[in-house]
């Protein structure tokens, strides 16, 4: 007879110790799934029988605990009646429909003319308080379960018992059978959350391309989030339906940006010296000081432009950030109020659109996308502007990943202090992570479902989204 190594080990245990439960074998150091597989194999060979014993445990529900402590609705009713509260109008605070029905069913009360009176049975029940005592002593009955006072829990114990054949067989007569095609359980090993892994790889990609990482807080003044990016102060995106405004502190001191505040103001109103006509309306410093949770990491790009203090000869300079943003979105399977984005800017003199396409192309190649395209779009702070899309082979559709373009002179000159070309982009990373984990609901990215984390393959640089995540 041939048996697997695991089945032989379990058979040896049964011969040595007699009948054993699965739990007892676990305590001896055997894995539960291994014991169950071995038991199935031994049972098929007629060497053991598997017996099951059920143990039913009854326990109080939340309602049952309340009844045990305070009494049932019918008990509360007869207690109140005994205390002299006999008018139905005075008993409305009780669960009267249930209390009256149960009390009359048990012949504890009589009702006449809107008044409640105790019967002899009611007075006896009051003296003995049987239900409270019985529930507290865990002397449960079926009717308690029917009323929702008690629930049950069934525990099944599986016992492995040797058959006569199993008792007679000699272990040394058994040949070990190694089945290399047998399915095995996936070992559980520690690993990073797949989303964190992808975010880290995105950072590493920009660093390898020679970019310097930008840092910035979540709370920023509207000056950085909107005004410096040439977004008009009456733009719908600045209203509450898109933006989280901060109540405390409600404003920031933007005097740290010095003359650039006045330059942004004049750019909005009449174009300043950028060659633009501006928006032709008054600009409010008070509005620019209002604090918001940043709606895009481009706010940090705007601040970085302000911080650059270099000669033009030292250009180009390249910066990136991978960080959280916040928008007042209705949360559903494709939208979150919080999301990750990677922003980048390249500041130089001899830059053009082909440079922008090259940086974005290299990033998405490293993130595992074979096909991408840039299609014309509109953003208040870039011209020309494009939407970045990648091809999803599985669903056979183009997926939007964010926006990109050349910062307008109305953004660059007021904040940088001199004329230059600035390439800029803001790209979403959540969709990449969702596809890697095979998720259809983006909310799952933040739920830390251990099962999803265990079953999601470790994301690797050579992973390709177009092949459906095959590793």
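The values are calculated or read from the model by the stated rules, or taken from the named source; none is laboratory data. What you are looking at is a predicted structure, and each value in this text was computed from that prediction instead of being measured. Reconstructed Cβ throughout: ideal geometry from the backbone, glycine too, with neighbour counts over all protein chains shown.
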* Is it the case that residue 398 is farther than 23 Å from residue 203 by Cβ, touching a helix residue (DSSP H, G or I) at 6+ places or on another chain (Cβ under 8 Å), at pLDDT below 95 and assigned to a strand (DSSP E or B)? -> no
* Structure fact -> Checked against (1) under 41 Å from the mean Cα position of the chain (by Cα); (2) under 30 Å from residue 23 (Cβ atoms); (3) modelled with pLDDT of 65 or more, residue 49 satisfies every condition except (1)
* Across segment 3-30, which residue is surrounded by the fewest Cβ atoms within 10 Å (Cβ to Cβ) among those that are within 38 Å of the chain's Cα centre (by Cα) and within 16 Å of residue 157 (Cα to Cα)? -> 27
* Could you tell me whether segment 275-289 includes any residue that is in contact with a strand residue (DSSP E or B) (Cβ under 9 Å, 6 or more places away or on another chain), buried (at least 16 other Cβ atoms within 10 Å of the Cβ) and part of a loop (DSSP other than H, G, I, E, B)? => yes
* Structure fact -> If we take segment 112-214, then helices (runs of 4 or more DSSP H) inside it with 1 or more residues that are at pLDDT 85 or above and in contact with a helix residue (DSSP H, G or I) (Cβ under 9 Å, 6 or more places away or on another chain) are 164-168, 194-208
* Which one of the conditions (1) modelled with pLDDT of 90 or more; (2) crowded, with 20+ Cβ neighbours inside 10 Å; (3) touching a helix residue (DSSP H, G or I) at 6+ places or on another chain (Cβ under 9 Å) does residue 356 fail to meet, given that it meets all the rest? -> (3)
* To do: Tell me which residues, restricted to segment 360-388, are touching a strand residue (DSSP E or B) at 6+ places or on another chain (Cβ under 7 Å) and crowded, with 18+ Cβ neighbours inside 10 Å.
  => 360, 364, 369, 372, 374, 379, 381, 382, 385, 386, 387, 388
* Structure fact -> Of the candidates 224, 240, the one satisfying the condition of being within 35 Å of the chain's Cα centre (by Cα), modelled with pLDDT of 95 or more and within 19 Å of residue 327 (Cβ to Cβ) is 224
* To do: Take segment 36-57 and flag every residue that is part of a strand (DSSP E or B) and buried (at least 17 other Cβ atoms within 10 Å of the Cβ).
  => 48
* Being in the same structural domain as residue 381 (by TED's automatic domain parsing), assigned to a loop (DSSP other than H, G, I, E, B) and buried (at least 16 other Cβ atoms within 10 Å of the Cβ), is that true of even one residue in segment 259-267? -> no
